[in-house]
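Engineer: My structure is below; once you've seen it, I'll send some questions.
Any read-out appearing in this document is the output of simple, stated calculations on the displayed coordinates, not a laboratory observation. If you're wondering where the values come from, they're calculated on a predicted model, not measured in any experiment. Here the Cβ positions follow ideal geometry from the backbone for every residue, glycine too, while neighbour counts run over all protein chains shown.
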Amino acid sequence: MLTRRKFTQFAAASVAALGAFGIAGCSSSGDESPAQDGEAQTLSMKIGTLQTEDSLPFWIAEANGMYADAGLDTVEIITFQSAQELSTAFAAGEIDGAMTDAQVSAALAASGTAVNLAWVTLGATPDQGRFGIMTSPESGITSLSDLAGKGIGVGSNTVPEYVMDRLMEAAGVPDDQIVGEEIKKLPVRYESMANNQVAAAALPGSLLALGEASGMVLLADDTQGDNISQSVFAVNQSWIDGGGQAALDAVRRAWDAAVEAVNADPESFRALLVEKASLPELVADTYPISTYPEAALPTSEMVDPVLEWMKAKGYLTADVSYDAMKGALAAQ
């Protein structure tokens, strides 16, 4: 059962900076129409991202000319301040693809926008990307079972909520004893936990790292056991159908080149990550840079449990199915 509380804005600059880091219609790139005989096809794409580590290979490709090397004429990366803004732009055809997650993608599909999950950007293995539940040292809470019936700060229909439910379930906490307190803004959620206004908070890896550096207590995360959280590169199916496949294939080649580079020497890209993801000074030098996966479709084992969870929670306005052979996500 979700309850709602209002919280004052958190003014600490480091947490505010980390808040972003953590979590169809006509195509915007109309140049993708098939070329006439003797005419070269122009390849371009508009990609929407948030200020999150999932997007690092996109930024590496941009900074190192990898899109041009892959045969693209132009790639525009647009950073949004919220997942809602990103979703709105995607549905309106203002961007062709988005770094997002299965929850957002399924909601878009349910609303009538056919989505292709082109590849996993983080979460091919459990150690890629991190979400978890954290509490303050003054709370007296030492295990997830201690949270039964107590409020956990979270945002509804998000990866942190999904991970929270899965971790609490694994700890043996009954569903009716998992109490989420709606706190959409990540900086406010973190501060509410740190000030004991909620018993704990479900947070992305960046805020977990900040909490660990600040003396908070990590109760559990999803880096061990079942692989339960992924971020994905979602592409508007109408853009692909309108001639965008060649550009998408080229972006995939650039992604893989960037992944090879960052996995070989992650520290050489720390400054870019700090800049683009707005990491504050407290964790800028120590935040672990993830390994990144080569482009591959999300499996049904990654997507179907999320769809089932969303349906059980009442988050889907229509039944949505996933074709793991094609990456197609659409309302039935």
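Engineer: Please give the net charge around residue 102, taking every other residue with its beta carbon less than 12 angstrom from that of residue 102, where Lys and Arg add +1 and Asp and Glu add -1.
Structural biologist: The answer is -4.
Engineer: Okay, moving on. Separation of region 99-122 and region 132-194 by C-alpha centroid, Å?
Structural biologist: With region 99-122 and region 132-194 each reduced to a Cα centre, they are spaced 25 Å.
Engineer: Looking at region 158-245, I'd like the Rg to Rh ratio, where Rg is from alpha-carbon atoms and Rh is Kirkwood's inverse mean 1/r.
Structural biologist: Checking Rg against Rh, the ratio lands at 1.10.
Engineer: Would you kindly calculate the translational diffusion coefficient of region 109-263, applying Stokes-Einstein with the Kirkwood radius from alpha carbon pairs, for 37 °C and a viscosity of 0.692 mPa s, and quote it in µm² s⁻¹ without decimals?
Structural biologist: 191 µm²/s
Engineer: Decide, for the chain, between rounded, prolate and oblate: order the square roots of the alpha carbon gyration tensor eigenvalues as a ≥ b ≥ c, take rounded if a/c falls under 1.5, and otherwise choose prolate if a/b is larger than b/c, else oblate.
Structural biologist: prolate
Engineer: Size of the dipole of region 75-232 about the Cα centre, Lys and Arg at +1 and Asp and Glu at -1 on the beta carbon, nothing else charged, in debye to 20?
Structural biologist: Approximately 140 debye in magnitude.
Engineer: List the aspartates and glutamates whose Cα sits under 18 Å from the Cα of residue 311, skipping any in the same chain fewer than 8 residues away.
Structural biologist: Within reach: 101, 161, 165, 169, 175, 176, 301, 319, 323.
Engineer: Can you tell me which of 91-100, 68-77 comes out highest on packing, and rank the rest after it, using the mean Cβ neighbours within 10 Å?
Structural biologist: Descending mean neighbour count gives 91-100, 68-77.
Engineer: Assigning unit charges at the beta carbon (Lys, Arg +1; Asp, Glu -1) and nothing else, what dipole magnitude in debye, to the nearest 20, does region 197-332 show about its Cα centre?
Structural biologist: Charge dipole of region 197-332: 360 debye, to the nearest 20.
Engineer: Ignoring everything except DSSP H segments at least 4 long, calculate the 222 nm mean residue ellipticity for the chain; use -39,500 (n - 2.57) per segment, divide by total residues, nearest 500.
Structural biologist: -10000 deg cm²/dmol
Engineer: Let me ask something else about it. When a/c is below 1.5 the answer is rounded, else prolate if a/b is larger than b/c, else oblate, so apply that to region 182-332 with a ≥ b ≥ c taken from the square roots of the Cα gyration tensor eigenvalues.
Structural biologist: In terms of gyration-tensor shape, oblate.
Engineer: About its Cα centre, how strong a charge dipole does the chain have in debye, to the nearest 20, once Lys and Arg get +1 and Asp and Glu get -1 at the Cβ?
Structural biologist: 1060 debye
Engineer: Would you mind putting 111-119, 212-220 in packing order, based on average other-beta-carbon counts within 10 Å, highest first?
Structural biologist: 111-119, 212-220
Engineer: Same structure, new question: Which Cα, out of 98, 80, 215, lies furthest along the positive dipole direction of the chain (beta carbon charges, K/R +1, D/E -1)?
Structural biologist: The residue sitting most towards the positive pole is 215.
Engineer: Express the relative contact order of region 169-307 as a whole percentage, based on alpha carbon pairs under 8 Å and six or more residues apart in sequence.
Structural biologist: About 22 percent, as a whole number.
Engineer: Now for a separate question. For the charge dipole of region 32-155, defined by +1 on Lys and Arg C-beta atoms and -1 on Asp and Glu C-beta atoms about the Cα centroid, which residue among 51, 124, 151 has the Cα displaced farthest towards the positive pole?
Structural biologist: Farthest towards the positive end: 151.
Engineer: Continuing with the same structure: Taking 8 Å as the Cα distance limit and 6 or more residues as the minimum spacing, I'd like the relative contact order of region 135-190 as a percentage.
Structural biologist: 44 percent
Engineer: Another one. Could you tell me which of 238, 248, 193 has its Cα farthest along the dipole of the chain towards the positive end, charges placed at Cβ (Lys, Arg +1; Asp, Glu -1), taken about the Cα centre?
Structural biologist: Going by the charge dipole, the pick is 193.
Engineer: I'd like the Karplus ³J(HN,Hα) series for region 136-152: coefficients 6.51, -1.76, 1.60, θ = phi - 60°, whole numbers in Hz, and an x wherever there's a Gly or Pro.
Structural biologist: 3J(HN,Hα) across region 136-152, in whole Hz: 8, x, 8, 6, x, 8, 10, 8, 5, 5, 5, 8, 4, x, 10, x, 10.
Engineer: Still on this structure, I have one more. Whole number please: convex hull volume per residue of the Cα set in region 264-307, in Å³?
Structural biologist: 129 Å³
Engineer: Here's a follow-up. Convex hull over the Cα atoms of region 157-207, averaged projected area in nm²?
Structural biologist: 3.7 nm²
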